[in-house]
Protein chains: 2
Amino acid sequence: MLDPDHLKRLAAIVGEANALTSESDKAPHLREWRDLYHGKTPVVLRPGSVEEVSQILKTANELKLRIVPQGGNTGLVGGQIPDDSSGEIVLSLGRLNKIRKIDADGYTMTVEAGCILEAIHQAAEEVDRIFPLTLGAQGSCQIGGNISTNAGGTAVLAYGNTRELVLGLEVVLATGEIWNGLRSLRKDNTGYDLKQLFIGAEGTLGVITAAVLKLFPKPRDRQVAFVGLSDSHAALALFSQARAKAGPMLTGFELMPRVGIEFCLKHLEGARDPLSEPHPWYVLVELSSGTENASLRDLMEELLGEAFEAGLVQDAALAESIAQGEAFWHLRHGMSEVQREEGGSIKHDVSVPVASVPAFLDKAIAAVEEMVPGCRPVPFGHMGDGNIHFNVSQPVGADKAGFIARWDEMNALVHGIVAEFGGSISAEHGIGRLKRDLLKEVKSELELDMMRRIKVAFDPNGILNPGRVL
Amino acid sequence: MLDPDHLKRLAAIVGEANALTSESDKAPHLREWRDLYHGKTPVVLRPGSVEEVSQILKTANELKLRIVPQGGNTGLVGGQIPDDSSGEIVLSLGRLNKIRKIDADGYTMTVEAGCILEAIHQAAEEVDRIFPLTLGAQGSCQIGGNISTNAGGTAVLAYGNTRELVLGLEVVLATGEIWNGLRSLRKDNTGYDLKQLFIGAEGTLGVITAAVLKLFPKPRDRQVAFVGLSDSHAALALFSQARAKAGPMLTGFELMPRVGIEFCLKHLEGARDPLSEPHPWYVLVELSSGTENASLRDLMEELLGEAFEAGLVQDAALAESIAQGEAFWHLRHGMSEVQREEGGSIKHDVSVPVASVPAFLDKAIAAVEEMVPGCRPVPFGHMGDGNIHFNVSQPVGADKAGFIARWDEMNALVHGIVAEFGGSISAEHGIGRLKRDLLKEVKSELELDMMRRIKVAFDPNGILNPGRVL
C-alpha cells in the first residue's frame, strides 16, 4: 500500500492528469490481452519527459518503492504487469513518443521509448528506408519494450534480433541518474559497451527512455515462395541450400506444419491453401534484394528447381504478385491466433542450434504425443534462427481445463529435450514472471550469481521490476 | 617483484616448460611489433587447458597478483604488454588453439581463444563457409584477442564488428570460476546476455578461453571497383546510392586520399594506379553475392554509370579478374605500412556518424594543416562504418622527432572535432594503456562510474589487466 504522502510526491512530478488512480483509468495497464497476467497498482504514472522519469526513479529509490516499467503492454511473460500486492507502481512510457531525429544518409533514427513500432516503420519508409523489426504486435508494442525484451520476430534471419538494431540508448538508472548513451556510431570501442546491459534486461537494470536505431535500405524486389515438404529434415536441407545460394538475400525461412495450415483454413479469414495437395510440412521462403531486376526471381526458381530435383521439395508455389506474397505471409502470421479456436494450447518459445531443429522436432513431437495421446503439436516459426514456437493443441473433444492443467508437466518434458540439444527455453519472449522459476533450473548457479552481481551494482535497492528475470 | 614461492605455485600449474622466465623466452611477449609498448614480467605463463587458466586466476586472485592476458600480441593500444614494474604476469593464451567443433549446417564454429584468425578462416573455407572478420594482422592475431577488443576491420559494413560474430563464450572469471556460456543459439532471451560484458572489455573482466562464432555462406561472386572522386562529399553520396541499390550485397566501401595512393605507388611492392589520371579521393567499392550470375557485375556497372551521370564519380575501374580485384585491395591494405616510409605519422582511430564523415574530414584536415603547415593528412578507411584512420604524415623534410612531439596536441585538436560530431576517439582499436587517460575526457563521470561498478562486481581485487581501459 502506498503512503498518501508518497503518492502525492509522485503525482506532483507528472501532474495529476498523468497519475492515474481511478480503477477505470488504471484498468488497461493492469492486464494483458490474453488475460494471463493481471495485477493491482496504487497509481499508473505517465511521465512526459526524461526528466520526469528521472525524478520518479529518484523518489522511488529514496522511498524504496517498486516500479514496473510498461510500454505497449504486449509482452508475453508478464514482465509489464504489476503483481497483486498493490505495492508496485506502473511507469507507463507511452507519452515519450517523439521521433527525435531521422538521418537517412547515416541510416539512423533517434526515437523515444514510447514510439509505437509501426510508427517507426512508417517514419523510416518516408525517407526510403526500413526499420526491419517485424512482429505480430507491431501496431501497439513500443520500441522501449522491444529493446528491453530484445524482441525477435520474422526478420531476425537477415537483420538480427533487436539487440543488433540498436546503436545507442538513453537510460534512467534506478538512482534517477540519466545516462546519455545516444550514440549514432557503427564502431565505438571506448570502454565497456554499456547499452548491452539494458537491452534484454526487461526493465530490471534501468528504464530505457530513448534509442538510436539502425535503418536499412528498402528492398526493391521481394520474392516469396510457399513450399510443401515431406518432413522437417528436408526443410533443414532446403535452408542450407537457400542460405548458401542467396546469402544475405535470404530474408525469411518460416516453418509450418500441416495441422497449422488446416487451422488457418478453418479459422483465418481469407486463408487459402497455396498448394493443391496437402503436405506434412511447409516453409515460407522469402528472398529480398536491393535492386529491381529479373535475377531474384530467377534465383528463387533455380533454388526451388534444384531442391525439387534433389527430392527435398514436394511442391512449391511462387507468389506472382505482392498480394499473393502477402497471402502466403498471412497464413504464417495467422498461425498464433487460429490455435485459440481449437481449444487449449500449451506453449513453448524455444530455440536450438539451427542444424538440430529436425532432430529436436522428431523427439519433442513423439514425447508430447506419448504424454497426451491425441494431442496436436503445432510447431512453427523461425526455422532459420532455430526458434520454434512449439505449441501443442489439445486432443479433439478433450476437456480444455484438464489439458491445460498439464502445462507445467508438458513444459518440463519439452524443456528437458531442449536442454539435450543445448537450446533455450525462451528464445524471444524473455523471462518476466512466467519463466523466472524455470530460469533457476536451466542456468548454472555461477551464471545466476553473475546476473545478481549486475543487478546489485545497478539497482541496489531492488526497485526496478522486482521478481522479474531474477 | 614476484615472491619465489608464488612463482613456484604458478609454474606448477602449467609445468616448468610453460612458465617462461628467461629473458630470451619472455622477449617476444614483452614488446609489440611497432615497439611503442614494452615492459617487464617475472614470468610468462602458457596454460594448456581451461582448467589451468582457472587455477592460475584462482591463485592470482588469492595472492593479489596482477595478470595481463595476451593473445597474438598485435593490439595497437598497449593492452597486452605488461608495464615496467615487473609486477605484472603475462598470461599467454596461444596454446589454447584447438578448433573444438565446426557445424556447417548450423553455420557455427567453436574455437579456443588462441586460434589464429587465419586458421579459423581456413577451417571455415574447408566446409564452404566464411568467418568474415578481416584484419591486417590476421596471420598472427588470435581470436581471443579479437573478441576481447571487439575488433573491426574491412568486413564490418556487411557483417558487423566482432561482437556481432559471437554467439557464445567460455570465460574464466577473476576468481578462477569457469563460466560456460558456449551456446550456439541465434536467439536466446533467458536473462542478461552476459557474453556482451566480456566482448570488448580488453581482458579486464575475465579471460576468454573459447567462443562459438557465426559462420556465413561463401560469396560466389565478387565485384570490385576502384573509383576516383573530386571530394569526400561525393564519396558519401556514392555510398548512399550504393547502399540503397545493393543493400546487403555492398560488402566494402573504403575511402582513400590521393596522397595515400602516391605513398603506395612509391613504397608498396606491386602497386599500380588503377586509374589513368590522379583524383583527389578514391573509394574501393566491393559487392558480393551468394550466387554466380551476370547480375552482380551489371549491378556494379549500373551503380557506377548512374553515379557518373550524376557527376559524383570522375573515373572508375572495374576489376576484370580476381587478381585485379586483389590488386585494388592491395592498395587499401598497404596504406598503413607505406606511411612509415614517409617519416613521422600522428595517428587517430576515430569514428563519426556515417553522414558526418565529409564534414568531419573538411574540418579536421583544415585544422591540422593550420596547426602544422605542410603536414600531409592521410585519412583513410572504413567510410561505410564512419571509421576513419585519420593519420597525419609529417611535412616533407621536417624533423621527425619534432613532429611526433606534437602527438598529444594534435590528438587533442582532432579529438575535439570528433566530439563536435558525436564521434568516438577509438573506433576499433580499443583503449588499453594508450587512451586510458583520454577516456576520462570523453566519458561522463556517470558512464565511468557505471564501468567501475561492473569492474568491481567482476574483479574486486583488480587483478585483471589493471590500468587498462579504466
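The values are calculated or read from the model by the stated rules, or taken from the named source; none is laboratory data. Treat the numbers as computed from the prediction; the structure is a model and nothing was measured. Reconstructed Cβ throughout: ideal geometry from the backbone, glycine too, with neighbour counts over all protein chains shown. Ligands, DNA and RNA are excluded from the accessible area calculation, which covers all protein heavy atoms including side chains. Shrake-Rupley method; radii C 1.70, N 1.55, O 1.52, S 1.80 Å.
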| query | So which residues in region B:193-205 are in a loop (DSSP other than H, G, I, E, B), at the interface with chain A (Cβ under 7 Å from one of its Cβ atoms) and touching a helix residue (DSSP H, G or I) at 6+ places or on another chain (Cβ under 6 Å), if there are any at all? | reply | B:L194
| request: State whether one or more residues within region A:412-434 are open to solvent by 10 Å² or more (accessible area, probe 1.4 Å) and on the phi > 0 side of the Ramachandran plot. | output: yes
| field | Among (1) under 24 Å from the mean Cα position of the chain (by Cα); (2) under 23 Å from B:G152 (Cα atoms); (3) of a type outside the set (S, T, Y); (4) modelled with pLDDT of 95 or more - the single one B:L185 does not satisfy | value | (1)
| In region B:396-419, how many residues are touching a helix residue (DSSP H, G or I) at 6+ places or on another chain (Cβ under 8 Å) and among the charged types (D, E, K, R)? | 2
| said: Can you pull out every residue in region A:176-187 that is within 7 Å of chain B (Cβ to nearest Cβ) and assigned to a loop (DSSP other than H, G, I, E, B)? | reply: A:E177, A:R183, A:S184, A:L185, A:R186, A:K187
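Residues checked against (1) among the β-branched types (V, I, T); (2) within 11 Å of chain B (Cβ to nearest Cβ):
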residue	(1), (2)
A:V207	yes, no
A:A210	no, no
A:P219	no, yes
A:V227	yes, no
A:D231	no, no
A:Q241	no, yes
A:M249	no, yes
| remark: Of (1) facing another protein chain (nearest Cβ under 8 Å); (2) open to solvent by less than 20 Å² (accessible area, probe 1.4 Å); (3) within 18 Å of the chain's Cα centre (by Cα), A:T190 satisfies every one except (3)
| request: Can you tell me which residue within region B:119-175, out of those that are more than 14 Å from chain A (Cβ to nearest Cβ), of a type in the set (G, A, S) and more than 16 Å from the chain's Cα centre (by Cα), is least open to solvent (accessible area, probe 1.4 Å)? | output: B:A123
| request: Return the only residue of B:E262, B:E337, B:E277 being more than 24 Å from A:S289 (Cα to Cα), modelled with pLDDT under 95 and open to solvent by 70 Å² or more (accessible area, probe 1.4 Å). | output: B:E337
| Verdict on A:A401 being small (G, A, S), out of contact with any Gly (no Cβ under 8 Å at 6 or more places or on another chain) and assigned to a helix (DSSP H, G or I) | no
| The lone exception for B:S240 - which of (1) without any contact (Cβ under 8 Å) to a residue 40 or more places away in the chain; (2) more than 18 Å from B:G381 (Cα to Cα) it fails | (2)
| request: State all residues of region A:435-451 that are charged (D, E, K, R), open to solvent by 60 Å² or more (accessible area, probe 1.4 Å) and under 24 Å from the mean Cα position of the chain (by Cα); if no residue qualifies, say none. | output: A:R436, A:D437, A:K440, A:E441
| request: Could you please let me know if B:S295 is open to solvent by 20 Å² or more (accessible area, probe 1.4 Å) and not assigned by TED's automatic domain parsing to the domain that holds B:T134? | output: yes
| field | Members of region A:387-406 found to be open to solvent by less than 10 Å² (accessible area, probe 1.4 Å) and within 14 Å of chain B (Cβ to nearest Cβ), listed by number | value | A:N387, A:I388, A:F390
| Tally, over region A:298-317, of residues that are surrounded by fewer than 18 Cβ atoms within 10 Å (Cβ to Cβ) and under 30 Å from B:R297 (Cβ atoms) | 8
| field | Selection from region B:84-118 of residues that are charged (D, E, K, R) and surrounded by fewer than 19 Cβ atoms within 10 Å (Cβ to Cβ) | value | B:D84, B:R95, B:K98, B:R100, B:K101, B:D103, B:D105, B:E118
| remark: Looking across region A:200-230 at residues that are charged (D, E, K, R) and within 19 Å of A:S321 (Cβ to Cβ), the single one that is most open to solvent (accessible area, probe 1.4 Å) is A:R222
| Taking the stated definitions as given, is B:E320 more than 30 Å from A:D103 (Cα to Cα), among the acidic types (D, E) and open to solvent by 30 Å² or more (accessible area, probe 1.4 Å)? | yes
| said: Here are the criteria: (1) closer than 21 Å to B:L182 by Cα; (2) more than 10 Å from chain B (Cβ to nearest Cβ); (3) aliphatic (A, V, I, L, M). Tell me which single one A:V378 does not satisfy. | reply: (1)
| said: Residues to consider are B:V442, B:V456, B:V469; find the one that is among the β-branched types (V, I, T), closer than 29 Å to A:E447 by Cα and facing another protein chain (nearest Cβ under 7 Å). | reply: B:V469
| message | Tell me yes or no: at least one residue of region B:143-163 is of a type outside the set (D, E) and part of a strand (DSSP E or B). | response | no
| request: Mind telling me which of the residues B:I417, B:I404, B:I388, B:I454 ends up being under 19 Å from the mean Cα position of the chain (by Cα), modelled with pLDDT of 95 or more and β-branched (V, I, T)? | output: B:I388
| query | Of the numbered conditions (1) under 22 Å from B:G106 (Cα atoms); (2) free of Cβ contacts under 8 Å to residues at least 24 places away in the same chain, A:M451 satisfies every one except a single condition; which is it? | reply | (1)
| Tally of residues being crowded, with 19+ Cβ neighbours inside 10 Å and of a type outside the set (A, V, I, L, M) across region B:359-377 | 4
| request: Give just the number: which of (1) buried (at least 21 other Cβ atoms within 10 Å of the Cβ); (2) assigned to a helix (DSSP H, G or I); (3) acidic (D, E) does B:E409 not satisfy? | output: (1)
| Regarding A:L236, is this residue over 25 Å from B:F253 (Cβ atoms), open to solvent by 10 Å² or more (accessible area, probe 1.4 Å) and touching a Phe, Trp or Tyr at 6+ places or on another chain (Cβ under 8 Å)? | no
| Does region A:442-469 hold any residues that are assigned to a helix (DSSP H, G or I), in contact with a strand residue (DSSP E or B) (Cβ under 9 Å, 6 or more places away or on another chain) and among the hydrophobic types (A, V, I, L, M, F, W, C), and which are they? | A:V442, A:L446, A:M450, A:F458
| Flag if B:V283 is under 22 Å from the mean Cα position of the chain (by Cα), within 14 Å of another protein chain (Cβ to nearest Cβ) and crowded, with 23+ Cβ neighbours inside 10 Å | no
